[in-house]
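*Asks:* Pasting a structure below so you can have a look.
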Amino acid sequence: MARQERAVRTRRAILEAAASVFDERGYDAATIADILSRAGVTKGALYFHFASKQELAQGVLDEQFAEGGVPHRESKLQELVDVAMVLAYRMKREPMLSAGARLSLGPGMREIFGGGSVPGWIEFTRTLLCRAKEQGELLPHVDPAETAWILSACWTGVQIYSQTLSDRTDIEERVAAVYQHICPSIATPAMLARLDIAPDRGQRVTAEMGLGPGLPVPDPAFS
């Protein structure tokens with residue numbers, strides 16, 4: 001058991017080091033030597049867990065989904081907003097999430113990773129929107145698949161623009177603005193009145209999950 005726990009910790013240390021290097025330098029410029037130095041492990045330990053740089057980068061991409069969860073909400077539209085806002089809050093603080101975006105969207109990454117995490121996020125969004133529609137949260141005309149593609153594209157565009165123009169200092173405000181603009185066109189009036197799309201939503205939900213510093217957490221609107 002101790003050996004297994006040690007292996008889990010070593011794997012995590014390697015992934016965190018790789019995420020930092022990929023986030024700072026990009027996939028092509030990153031080297032195994034850089035990652036080994038950052039992780040403080042032997043080459044044998046790294047290759048025990050990951051057979052190549054590409055496999056290591058794929059591991060970072062896969063962590064986006066493991067890291068991106070939020071508490072389940074009665075309202076699936078609120079849950080979707082929470083995911084977007086938590087990612088916005090944590091992306092500028094955690095290289096694992098930031099690196100995943102860079103690996104998915106960088107030049108030439110489609111040929112290596114087949115779209116990275118983008119298809120998975122579109123499908124994740126579609127699934128939540130389908131459940132929201134089944135629960136009567138969305139207007140009758142809303143097509144969950146089309147809306148999922150648009151929301152995912154908007155989120156991606158926001159994080160790229162925010163990184164380019166402000167080093168992501170305004171990403172939470174910008175992501176909130178996207179949902180504040182789009183939700184009135186897809187949510188029923190009753191659902192819209194209940195949605196919390198404030199810029200500090202991600203900070204509050206992150207604190208609720210006990211993952212980092214945040215504002216005092218009020219009683220959840222949906223529990």
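The values are calculated or read from the model by the stated rules, or taken from the named source; none is laboratory data. Nothing here was measured: the structure is a model prediction, and the numbers come from that model. Positions of Cβ are generated from backbone atoms using ideal geometry, with glycine treated the same way; all protein chains shown enter the neighbour counts. Heavy atoms of the whole protein, side chains included, go into the accessibility calculation; ligands, DNA and RNA do not. Shrake-Rupley method; radii C 1.70, N 1.55, O 1.52, S 1.80 Å.
*Asks:* Check K92 against each of (1) in contact with a Leu (Cβ under 8 Å, 6 or more places away or on another chain); (2) buried (at least 16 other Cβ atoms within 10 Å of the Cβ) and name the one condition it does not meet.
*Replies:* All conditions are met except number (1).
*Asks:* Also, I was wondering about something else. Going through D23, D62, D28 one at a time, which residue ends up being buried (at least 20 other Cβ atoms within 10 Å of the Cβ), closer than 26 Å to G120 by Cα and charged (D, E, K, R)?
*Replies:* Values: D62 fails: buried (at least 20 other Cβ atoms within 10 Å of the Cβ); D28 fails: buried (at least 20 other Cβ atoms within 10 Å of the Cβ).
From the options D23, D62, D28, the qualifying one is D23.
*Asks:* Suppose we keep only residues that are of a type in the set (G, A, S) and open to solvent by 30 Å² or more (accessible area, probe 1.4 Å) within the range 134-156. Which one would you say is farthest from the chain's Cα centre (by Cα)?
*Replies:* Selected residue: G136.
*Asks:* Please enumerate the residues belonging to the range 1-20 that are open to solvent by less than 70 Å² (accessible area, probe 1.4 Å), within 15 Å of E94 (Cβ to Cβ) and in contact (Cβ under 8 Å) with a residue 40 or more places away in the chain.
*Replies:* Within the range 1-20, L15, A18, A19, S20 qualify.
*Asks:* Oh, and also: Among what's in the range 38-59 and is polar (S, T, N, Q) and in contact (Cβ under 8 Å) with a residue 12 or more places away in the chain, pick the residue that is surrounded by the most Cβ atoms within 10 Å (Cβ to Cβ).
*Replies:* Looking at the filtered set, the residue picked out is Q58.
*Asks:* Pull out all pairs, ordered by first then second residue, where Cβ-Cβ is under 7 Å, the residues are six or more apart or on different chains, the first lies in the range 146-171 and is in contact (Cβ under 8 Å) with a residue 60 or more places away in the chain, and the second is part of a helix (DSSP H, G or I) and of a type in the set (G, A, S).
*Replies:* Short answer, once both residue conditions are applied: W155/A84; Q159/A101; R168/S162; I171/A88; I171/S162.
*Asks:* Kindly state which helices (runs of 4 or more DSSP H) lie completely within the range 85-195 and contain at least 3 residues that are closer than 23 Å to A207 by Cα, in contact with a Pro (Cβ under 7 Å, 6 or more places away or on another chain) and modelled with pLDDT of 90 or more.
*Replies:* The qualifying helices (runs of 4 or more DSSP H) are 171-186.
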